[in-house]
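Take a look at the structure set out below.
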């Protein structure tokens, strides 16, 4: 069955809307689950540009390269005053 809006689009030659709509519905119907995304990311180790340490995951699933940035408000701006790595956090 062709819905009225789709029939109108076809009659007007608006196929780009159909292609985008088809892409979105395909992406939504074939999206990986959260668990699948995590499973795909865990074996990866890569160096980004935001952190000095590479992104990699421990057995628990925590990012071993995570960093905490401490900022203060200086006038109307934030100013970074410290960077804390996981190695610096007392256990």
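Just so you know, in region 66-91 the residues that are surrounded by 11 or more Cβ atoms within 10 Å (Cβ to Cβ), assigned to a loop (DSSP other than H, G, I, E, B) and over 17 Å from the mean Cα position of the chain (by Cα) include one that is modelled with the lowest pLDDT, and it is 85. Just to be sure, is residue 20 surrounded by 10 or more Cβ atoms within 10 Å (Cβ to Cβ) and at pLDDT 80 or above? So residue 20 does not fit the description; no.
The values are calculated or read from the model by the stated rules, or taken from the named source; none is laboratory data. From a predicted model like this one, the values you see are computed outputs, not experimental measurements. Virtual Cβ from ideal backbone geometry, glycine too; neighbours counted across all protein chains shown.
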